[in-house]
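Engineer: Supplied in structure tokens, the structure appears directly below.
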Amino acid sequence: MVEDGKTAAKTVEEQPTTTFQPKNGADVVVSALIRQGVKTVFAYPGGYSIPLHQAFTRQADRVRVILPRQEQGGGFAAQGYARSTGSPGVCMTTSGPGATNLITTIADAKLDSIPVIFITGQVVRSVIGTDAFQEVPMTELCRSITKHHYLVTDERDLPRIIKEAFHIATTGRPGPVLIDIPRDVQLAPVASDIDFDPPMNLPGYSAVLPEVTEDKIAQLVAMIRAAKKPVIYAGGGIISANASEALTAFVRNTGIPITTTLMGLGAYPDDDPLGLHFPGMHGAVAANYAINEADLLLAMGVRFDDRVTGKVEKFAAHGKVVHIDVDPSEIAKIKQPNLGIAANILGVLEQLCRANIRPEADLSAWHQRIAEWKKADPFSYHQVDGWITSQLAIDTLWKLTKNRDDVIISTGVGQHQMWAAQFYHVRRPRTWLSSLGFGTMGFGLPGAIGAKVGNPNAMVIDIDGDGSFQMNIQEMATCTCEKIPMKVLLLNNQHLGMVVQWEDRFYGRNRAHTYLGPIDRPEWRGQGDGLGPKDRYPDFVEIAHGYGWDARSIAQIDELEPALHAMLNAKNSFLLDVAVPYNEYVLPMIPPGGTIENLIRN
């Protein structure tokens with residue numbers, strides 16, 4: 001992935017000074033966060049983080065603390081804030097189960113390279129290692145799923161550690177940093193002359209990469225000029241680096257077609273004529289075919305994920321590969337490139353744009369070939385008479401909102417996630433939020449909450465499935481109590497749809513605990529056409545009303561557009577529960593001569 005200084009936390013010198021005088025370690029933590037530009041923290045209190053919460057109340061005019069209803073909700077909200085704003089998110093919990101409830105969100109942030117500062121309370125120093133009440137070794141548990149982690153043993157280290165944490169999280173390849181703070185460190189008195197701008201102590205860590213050598217730039221330029229069928233394969237690193245404008249300029253200047261990964265959606269408008277949409281298992285036929293036939297693949301800010309490559313030896317096997325990434329460890333980790341460049345992708349793109357580099361060959365035949373693939377095999381779906389399919393619901397939502405520039409889409413994980421990627425065309429960076437590397441069900445609603453907090457004037461819509469939505473349904477209360485108006489398009493098929501799809505493909509259609517309705521009500525199972533009855537379980541409308549939301553449930557196609565208008569125009573949080581078939585499949589788009597089996601590496 002890649003990094004750009006624009007996304008890093010503001011320096012201490014840029015922050016306003018404060019006359020507040022910290023009295024203890026907890027006050028130091030809050031003051032240090034303020035000096036890093038933090039205005040919002042998602043935090044759930046407990047016995048070993050009470051001093052931190054008390055300290056936040058002493059500076060409540062400077063930092064908003066949002067109370068999620070479960071720690072995982074707070075972690076994903078902090079992610080949604082970071083993903084949509086480019087600034088690091090901050091989440092805080094107590095020790096023990098409060099801290100372990102964060103582990104999934106920490107791993108999720110690590111795989112998707114999201115800068116989040118996770119702060120956890122810890123038992124007092126004197127009982128660490130004794131299995132004290134609610135003690136858990138968070139730094140040990142999170143060693144492999146954080147970019148860095150700290151156990152604070154001296155309150156005098158707090159300003160330095162917090163400064164370092166933000167620097168590490170936002171530079172180089174972004175990622176999560178954990179700070180575990182014992183309760184007695186939080187309560188320890190501090191000197192009145194505490195230094196809030198101490199020098200950092202990070203031996204071995206440097207976010208500054210060597211300048212790209214003239215030789216490598218010359219190789220890159222020569223490869224671009226010689227290409228006759230080039231393709232750009234761009235990922236989330238483009239968005240992390242704030243390099244979308246430079247990428248767009250490069251594409252328009254060179255005429256090179258571009259496919260973006262799911263993490264890279266929005267880096268380039270996916271409905272543009274040069275856009276190929278996303279590649280891989282559920283990606284566009286044109287994207288997979290183009291990669292397969294390309295004589296030059298320019299991989300920028302990507303990590304060659306298995307859901308894109310399938311069998312690595314068969315991926316982009318007919319051409320040369322250039323891999324540009326800020327993380328040197330990603331170069332040749334999965335796919336051996338002909339040219340590897342460890343660099344900030346923004347700088348490389350700006351250099352190429354200034355030099356006006358483009359292929360010497362006429363690309364019109366290549367463009368025509370791609371246009372034929374796109375026409376022959378677009379993302380499509382069939383219509384079931386009178387009934388609403390998930391694809392139709394998402395496509396209709398896109399058509400109703402495509403002329404707006406204030407929409408941010410969050411998703412849960414499952415079939416609806418893939419359909420949202422296929423049929424909701426993302427045109428701008430940081431407007432598509434989804435758990436992709438870890439694939440965590442329950443991301444959608446809390447992720448949307450964080451996006452709405454970070455972008456209060458945006459229309460934030462969570463496209464979710466009934467299975468995924470129930471993983472963090474309690475965060476509906478957060479929306480109401482914290483006055484965070486939200487939209488949820490709930491595609492309700494009463495099943496774990498993606499698992500059902502795999503059961504049908506690989507396990508002889510044997511249902512193994514993928515039906516979400518009451519087991520003593522077999523008539524609730526979808527029969528025949530699989531559409532199921534109207535009275536689905538649970539009653540999401542009643543649940544929404546209980547949480548103070550507006551809500552509506554629909555099942556017929558003529559209800560869809562009016563209901564979507566009602567959702568979009570609602571001032572209050574609004575849930576639209578849409579009955580959809582459970583036997584619809586996300587179509588796998590297989591490269592020439594391939595099968596779904598050889599698309600999957602593991």
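Engineer: Kindly indicate whether any position in segment 324-331 is open to solvent by less than 50 Å² (accessible area, probe 1.4 Å), aliphatic (A, V, I, L, M) and assigned to a strand (DSSP E or B).
Structural biologist: Checked against the condition, which is being open to solvent by less than 50 Å² (accessible area, probe 1.4 Å), aliphatic (A, V, I, L, M) and assigned to a strand (DSSP E or B), segment 324-331 yields at least one hit.
Engineer: List the pairs whose first member sits in segment 245-273 and is on the phi > 0 side of the Ramachandran plot, whose second member is open to solvent by less than 30 Å² (accessible area, probe 1.4 Å) and outside any loop (DSSP other than H, G, I, E, B), and whose Cβ atoms are under 6 Å apart, counting only residues at least 6 apart or on separate chains?
Structural biologist: 266/432
Engineer: Moving on to the next point. Which residues, counting only those in segment 105-155, are more than 12 Å from residue 179 (Cα to Cα), charged (D, E, K, R), touching a residue at least 24 places away in the same chain (Cβ under 8 Å) and open to solvent by 30 Å² or more (accessible area, probe 1.4 Å)?
Structural biologist: 110, 125, 135, 154, 155
Engineer: Hey, another quick one. Kindly establish whether residue 147 is touching a Leu at 6+ places or on another chain (Cβ under 8 Å) and among the basic types (Lys, Arg).
Structural biologist: No, not satisfied.
Engineer: Please enumerate the residues belonging to segment 70-104 that are open to solvent by less than 10 Å² (accessible area, probe 1.4 Å) and aliphatic (A, V, I, L, M).
Structural biologist: Matches in segment 70-104: 77, 78, 82, 90, 92, 99, 102.
Engineer: Going by the structure shown, is residue 205 in contact with a Gly (Cβ under 9 Å, 6 or more places away or on another chain), open to solvent by 10 Å² or more (accessible area, probe 1.4 Å) and among the aromatic types (Phe, Trp, Tyr)? Break it down stepwise before answering.
Structural biologist: On the way: in contact with a Gly (Cβ under 9 Å, 6 or more places away or on another chain): yes; open to solvent by 10 Å² or more (accessible area, probe 1.4 Å): yes; among the aromatic types (Phe, Trp, Tyr): yes.
Answer is yes for this residue.
Engineer: Only one of these conditions is not met by residue 337: (1) modelled with pLDDT of 95 or more; (2) part of a helix (DSSP H, G or I). Which number is it?
Structural biologist: Here residue 337 clears every test but (2).
Engineer: Another question about this same structure. When you look at residue 184, is it touching a Ser or Thr at 6+ places or on another chain (Cβ under 9 Å), assigned to a helix (DSSP H, G or I) and of a type in the set (D, E, K, R), yes or no? So that I can check it myself, show each step before the final result.
Structural biologist: Values: touching a Ser or Thr at 6+ places or on another chain (Cβ under 9 Å): yes; assigned to a helix (DSSP H, G or I): yes; of a type in the set (D, E, K, R): yes.
In short, yes.
Engineer: Return a yes/no flag: does segment 198-214 have any residue that is assigned to a helix (DSSP H, G or I), touching a helix residue (DSSP H, G or I) at 6+ places or on another chain (Cβ under 9 Å) and over 19 Å from residue 113 (Cα atoms).
Structural biologist: So in segment 198-214, the residues assigned to a helix (DSSP H, G or I) come out as 214.
Still in the list and also touching a helix residue (DSSP H, G or I) at 6+ places or on another chain (Cβ under 9 Å): none.
The answer is no, given that none of the residues of segment 198-214 is assigned to a helix (DSSP H, G or I), touching a helix residue (DSSP H, G or I) at 6+ places or on another chain (Cβ under 9 Å) and over 19 Å from residue 113 (Cα atoms).
Engineer: Among (1) exposed (fewer than 14 other Cβ atoms within 10 Å of the Cβ); (2) in contact with a Gly (Cβ under 9 Å, 6 or more places away or on another chain), where does residue 416 come up short?
Structural biologist: With respect to (1) exposed (fewer than 14 other Cβ atoms within 10 Å of the Cβ); (2) in contact with a Gly (Cβ under 9 Å, 6 or more places away or on another chain), residue 416 is out only on (1).
Engineer: Shifting gears a bit: When the residues of segment 304-323 are filtered to those that are basic (Lys, Arg) and over 19 Å from residue 230 (Cα atoms), which remaining residue is least open to solvent (accessible area, probe 1.4 Å)?
Structural biologist: Residues of segment 304-323 that are basic (Lys, Arg), as a first pass: 307, 311, 314, 320.
Those left that are additionally over 19 Å from residue 230 (Cα atoms): 307, 311.
On the way: 307: 98, 311: 71 Å².
Out of the qualifying residues, it is 311.
Engineer: Condition first: under 14 Å from residue 352 (Cα atoms) and either in contact (Cβ under 8 Å) with a residue 12 or more places away in the chain or within 29 Å of the chain's Cα centre (by Cα) (or both). Now tell me which residues in segment 194-231 satisfy that.
Structural biologist: 212, 216, 217, 219, 220, 221, 223, 224, 225
Engineer: Being open to solvent by less than 10 Å² (accessible area, probe 1.4 Å) and in contact with a Phe, Trp or Tyr (Cβ under 8 Å, 6 or more places away or on another chain) narrows it down to one of 296, 265, so name that one.
Structural biologist: Numbers: 296 fails: in contact with a Phe, Trp or Tyr (Cβ under 8 Å, 6 or more places away or on another chain).
That would be 265, the only listed residue that is open to solvent by less than 10 Å² (accessible area, probe 1.4 Å) and in contact with a Phe, Trp or Tyr (Cβ under 8 Å, 6 or more places away or on another chain).
Engineer: Restricting attention to segment 369-400, and to residues there that are touching a strand residue (DSSP E or B) at 6+ places or on another chain (Cβ under 7 Å) and outside any helix (DSSP H, G or I), which single residue is most open to solvent (accessible area, probe 1.4 Å)?
Structural biologist: Pass one, segment 369-400, residues touching a strand residue (DSSP E or B) at 6+ places or on another chain (Cβ under 7 Å): 386, 388, 390, 393-394, 397.
Pick out the ones that are also outside any helix (DSSP H, G or I) and you get 386, 388.
Values: 386: 30, 388: 0 Å².
Per the criteria, the residue is 386.
Engineer: Across segment 401-416, which residue is farthest from residue 499 (Cα to Cα) among those that are charged (D, E, K, R) and in contact with a Lys or Arg (Cβ under 9 Å, 6 or more places away or on another chain)?
Structural biologist: First pass over segment 401-416, keeping only residues charged (D, E, K, R): 402, 404-406.
Cutting the leftovers down to in contact with a Lys or Arg (Cβ under 9 Å, 6 or more places away or on another chain) gives us 402, 405.
On the way: 402: 31, 405: 34 Å.
That would be 405.
Engineer: Could I ask something else about it? Please state which of the following conditions residue 242 fails to meet, knowing it meets all the rest: (1) open to solvent by less than 20 Å² (accessible area, probe 1.4 Å); (2) within 19 Å of residue 344 (Cβ to Cβ).
Structural biologist: Going through (1) open to solvent by less than 20 Å² (accessible area, probe 1.4 Å); (2) within 19 Å of residue 344 (Cβ to Cβ) one by one, residue 242 breaks only (1).
Engineer: Need pairs with beta-carbon distance below 8 Å; first residue open to solvent by 10 Å² or more (accessible area, probe 1.4 Å) and within segment 427-455, second of a type in the set (Asp, Glu) and at pLDDT 95 or above; sequence gap 6+ or separate chains.
Structural biologist: Correct list of pairs: 436/112; 437/108; 437/112; 438/108; 438/112; 440/108.
Engineer: Moving on. Would you mind finding the one in 541, 500, 578 that is in a helix (DSSP H, G or I), open to solvent by less than 40 Å² (accessible area, probe 1.4 Å) and at pLDDT 95 or above?
Structural biologist: On the way: 500 fails: at pLDDT 95 or above; 578 fails: in a helix (DSSP H, G or I).
Result: 541 is the single residue among 541, 500, 578 that is in a helix (DSSP H, G or I), open to solvent by less than 40 Å² (accessible area, probe 1.4 Å) and at pLDDT 95 or above.
Engineer: Could you go through segment 282-290 and let me know if any residue there is buried (at least 23 other Cβ atoms within 10 Å of the Cβ) and over 17 Å from residue 366 (Cβ atoms).
Structural biologist: Yes, there is a match, as at least one residue in segment 282-290 is buried (at least 23 other Cβ atoms within 10 Å of the Cβ) and over 17 Å from residue 366 (Cβ atoms).
Engineer: For residue 159, indicate whether it is closer than 28 Å to residue 301 by Cα and either among the hydrophobic types (A, V, I, L, M, F, W, C) or touching a residue at least 60 places away in the same chain (Cβ under 8 Å) (or both).
Structural biologist: Numbers: closer than 28 Å to residue 301 by Cα: no; either among the hydrophobic types (A, V, I, L, M, F, W, C) or touching a residue at least 60 places away in the same chain (Cβ under 8 Å) (or both): yes.
Against the criterion (closer than 28 Å to residue 301 by Cα and either among the hydrophobic types (A, V, I, L, M, F, W, C) or touching a residue at least 60 places away in the same chain (Cβ under 8 Å) (or both)), residue 159 does not qualify.
Engineer: On to the next question. Considering segment 73-89 alone, what residues qualify as being in contact with an Asp or Glu (Cβ under 9 Å, 6 or more places away or on another chain) and not small (Gly, Ala, Ser)?
Structural biologist: 76, 79, 83
Engineer: State whether the residues of segment 164-175 include one that is surrounded by fewer than 20 Cβ atoms within 10 Å (Cβ to Cβ), free of Cβ contacts under 8 Å to residues at least 40 places away in the same chain and at negative phi. Give the steps one after another, and end with the answer.
Structural biologist: Within segment 164-175, the first condition is being surrounded by fewer than 20 Cβ atoms within 10 Å (Cβ to Cβ), and the residues that meet it are none.
Checked segment 164-175: no residue is surrounded by fewer than 20 Cβ atoms within 10 Å (Cβ to Cβ), free of Cβ contacts under 8 Å to residues at least 40 places away in the same chain and at negative phi.
Engineer: Additional query: In segment 1-44, what count of residues is obtained for those that are modelled with pLDDT under 95, assigned to a loop (DSSP other than H, G, I, E, B) and either aliphatic (A, V, I, L, M) or open to solvent by 50 Å² or more (accessible area, probe 1.4 Å) (or both)? Spell out the reasoning first.
Structural biologist: Initial filter on segment 1-44 (modelled with pLDDT under 95): 1-23.
Narrowing the set further to residues that are assigned to a loop (DSSP other than H, G, I, E, B) leaves 1-4, 8-11, 15-23.
Keeping just the survivors that are either aliphatic (A, V, I, L, M) or open to solvent by 50 Å² or more (accessible area, probe 1.4 Å) (or both) gives 1-2, 8-11, 16-21, 23.
Selection size over segment 1-44: 13.
Engineer: If you don't mind, another one. Among the residues of segment 401-424, is any within 24 Å of residue 309 (Cβ to Cβ), in a loop (DSSP other than H, G, I, E, B) and modelled with pLDDT of 95 or more?
Structural biologist: yes
The values are calculated or read from the model by the stated rules, or taken from the named source; none is laboratory data. This one's a predicted model, so the numbers in the text were calculated from it and none came from an experiment. Backbone-built Cβ (ideal geometry, glycine too); neighbour counts: all protein chains shown. We work out accessible area using only protein heavy atoms, side chains counted, and drop any ligands, DNA or RNA first. Shrake-Rupley method; radii C 1.70, N 1.55, O 1.52, S 1.80 Å.
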